[in-house]
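Input: a single structure, listed below in structure tokens.
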Amino acid sequence: MDAVLVIVNPSAGSGRAAKCWPRVQRMLAREGLAFSSVLHDGLAGLSELAADAARSGHTAVAAMGGDGTIREVARGLAGTDTVLGIIPAGTGNGTAHSLALPLDLQGACRTLARGVERHVDLGSSLRGSFLNVAGVGLDASIAQ
């Protein structure tokens, strides 16, 4: 993989991503991964940031945060050839879990540096796209 842009949502996981980011930087460097980073607090604007990264020629963008962060970055990369990497640093990390990706930071960094690309479909609904799960009927009513 060429140089990776890591988009970090420092508020993800009640601030876990911010606390872990310095350690993750060291892990990625030890893995020999060339990367740059941008810290972006919250979900608003993440898809645009990822889309801009794809348009400017980044071949890979890693999302460091929770399921919302990953979903928004995936939305921004949809329809491009830019690879999405995941560094789970949220509360539940359901997306990483459902994709059978390592949930520990060291494993996630190793996978980002050495992993194999695979295609994952991005689902679509009237309310937007989704990566992990979607609920309908009673499930959706409870979620609201």
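Values quoted throughout were computed directly from the atomic coordinates according to the rules given, and no laboratory measurement underlies them. All figures in this text were calculated on a predicted structure; none of them were measured in a lab. Glycine gets a Cβ as well: all are built from the backbone with ideal geometry, and neighbour counts include every protein chain shown.
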Taking a point 7 angstrom from the Cα of Ser98 along the C-beta vector, which residues in the stretch 53-79 have backbone N less than 17 Å away?
65-76, 78
Can you list residues from other chains, or at least 5 along the same chain, whose modelled amide H is less than 5 Å from the amide H of Asp41?
none
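Mind checking Rg over Rh on the chain, alpha carbons, Kirkwood formula for Rh?
Working: Rg = 14.5 Å, Rh = 15.2 Å.
The Rg/Rh ratio comes out at 0.95.
Determine the percent antiparallel among the DSSP beta bridges restricted to the chain, to the nearest 5. Mind showing how you got there, number by number?
Working: 3 of 19 bridges.
DSSP beta bridges in the chain are roughly 15 percent antiparallel.
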Ignoring everything except DSSP H segments at least 4 long, calculate the 222 nm mean residue ellipticity for the chain; use -39,500 (n - 2.57) per segment, divide by total residues, nearest 500.
-11500 deg cm²/dmol
Lys/Arg Cβ at +1, Asp/Glu Cβ at -1, dipole of the chain taken about the Cα centre: which of Ala63, Leu5, Val24 is farthest positive-ward?
Val24
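Work out the FRET efficiency for Ala3 and Glu48 from their Cβ-Cβ distance, taking R0 = 22 Å, and round it to the nearest 0.05. Please report the intermediate quantities before stating the final value.
Values: r = 21 Å, r/R0 = 0.93.
Given R0 = 22 Å and the Cβ-Cβ separation, E is 0.60.
Report the extension gain between Arg26 and Ser124 in nm, rounded to one decimal, defined as 0.36 nm multiplied by the number of residues separating them, less their alpha carbon distance.
Details: separation 98, 0.36 × 98 = 35.28 nm, distance 3.62 nm.
Net length gain for the segment: 31.7 nm.
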